[in-house]
1. Taking segment 40-73 as the search range and keeping residues that are without any contact (Cβ under 8 Å) to a residue 24 or more places away in the chain and of a type in the set (A, V, I, L, M, F, W, C), which one is farthest from L124 (Cα to Cα)?
2. Of the residues that sit in segment 37-94 and are among the aromatic types (F, W, Y) and part of a helix (DSSP H, G or I), which one is nearest to E133 (Cα to Cα)?
3. Could you check segment 97-128 and list, in sequence order, the residues that are in a loop (DSSP other than H, G, I, E, B) and free of Cβ contacts under 8 Å to residues at least 60 places away in the same chain?
4. Counting only residues that are polar (S, T, N, Q) and closer than 18 Å to I54 by Cβ, which one in segment 78-129 is surrounded by the fewest Cβ atoms within 10 Å (Cβ to Cβ)?
5. Of these, G41, G64, which one is within 23 Å of A143 (Cβ to Cβ), loosely packed, with under 14 Cβ neighbours inside 10 Å and not acidic (D, E)?
6. Does A98 satisfy the condition of being in contact with a strand residue (DSSP E or B) (Cβ under 7 Å, 6 or more places away or on another chain) and more than 20 Å from Y129 (Cα to Cα)?
Amino acid sequence: MTKDRDVAQEYELYQEHSYESRRLAELPDFGVGLITLKAAGELIACDLWVGGNIEVPSLEDFEGSYLDPAVMTAVQPQAAEFEEKLINAVEAGRLPVAHIRRDLDERIIPEATLVVFQELDNWLLERSYESGEAFDAWIDREAEISNSLVDELIWLRSINADRKHSGQYVNSIKRHPDLGTASSDEVLAAYKAQTIENDRLRARLAQATKPTPLEKVASPRHRRTLLTIIAALASESGIDITRRGAAQRIALLTEQIGATIDDETIRKILSDVPDALESRSKL
């Protein structure tokens with residue numbers, strides 16, 4: 001009987017996973033940035049608690065994550081109220097949905113109806129509620145999920161493009177028998193992370209080894225023009241470039257605009273100005 005029960009539980013888990021996979025595949029970006037109405041109600045209640053707008057006695061000494069399941073359980077009474085408000089807003093067409101599910105009585109299923117998180121935030125803002133730290137925590141978590149999806153995509157495309165990775169993975173296990181103490185998921189995750197990092201490093205190295213384009217050298221005429229412009233600007237600023245200290249004053253001006261040039265470099269450039277002005281005056 002125990003074996004039959006285990007098989008039944010495994011099949012049930014498989015069915016749930018299969019359904020969730022199909023559901024996420026239908027959503028834009030696999031559901032990243034979307035939130036169910038039920039989770040949204042919980043998040044709003046949590047945000048109110050974090051901001052000190054509601055009291056939850058059971059959370060008085062709580063010091064964990066705002067998104068901890070224990071928090072969501074504790075704020076259920078308040079969350080249920082907001083869930084109902086969100087359902088009403090969807091039915092009234094005030095809150096756009098990305099994916100809606102109803103039961104046979106045409107009632108919205110809050111656990112399966114999703115809204116774009118930004119739309120939820122906008123809806124709250126229109127009703128004079130500015131989201132706080134719990135919302136920020138949710139956004140941070142979604143960003144982590146998004147980054148993980150990107151890494152997974154890099155990994156899968158790398159595998160498809162280069163079958164050597166599969167062999168490298170097997171060989172790495174052989175070279176490091178101590179990895180046998182970790183679960184296969186942990187080993188694969190570590191290998192994938194290392195592979196992705198190696199690919200990134202190779203890309204950076206390829207970029208770094210590209211020849212640096214040669215800096216275009218100014219023609220004599222162009223250089224004389226620039227020196228003439230420098231002389232004009234210095235004159236307008238009341239700086240006599242022939243007098244001592246002119247280079248230091250200009251160096252100070254470059255520092256003020258955040259593009260510091262040392263006075264010795266400026267002094268060398270200023271020494272060419274008289275010849276440039278003389279050449280321009282002959283044209």
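1. Across segment 40-73, the extreme among qualifying residues is F62.
2. W49
3. First, pick out the residues of segment 97-128 that are in a loop (DSSP other than H, G, I, E, B): 97-98, 100-101, 103-107, 109-113, 127-128.
V97, I100, R101, D103, L104, D105, E106, R107, I109, R127, S128, listed by residue number.
4. Applying the first criterion (polar (S, T, N, Q)) to segment 78-129 yields 78, 88, 113, 118, 122, 128.
Subsequent filtering for residues that are closer than 18 Å to I54 by Cβ retains 78, 128.
Numbers: Q78: 19, S128: 6.
Once the filter is applied, the top-ranked residue is S128.
5. G64
6. Against the criterion (in contact with a strand residue (DSSP E or B) (Cβ under 7 Å, 6 or more places away or on another chain) and more than 20 Å from Y129 (Cα to Cα)), A98 qualifies.
Every number in this text was worked out from the coordinates using simple rules, so none of it is lab data. Bear in mind that the values here come from a model prediction, so they are computed numbers and not experimental data. Note: ideal-geometry Cβ built from the backbone for every residue, glycine included; neighbour counts use all protein chains shown.
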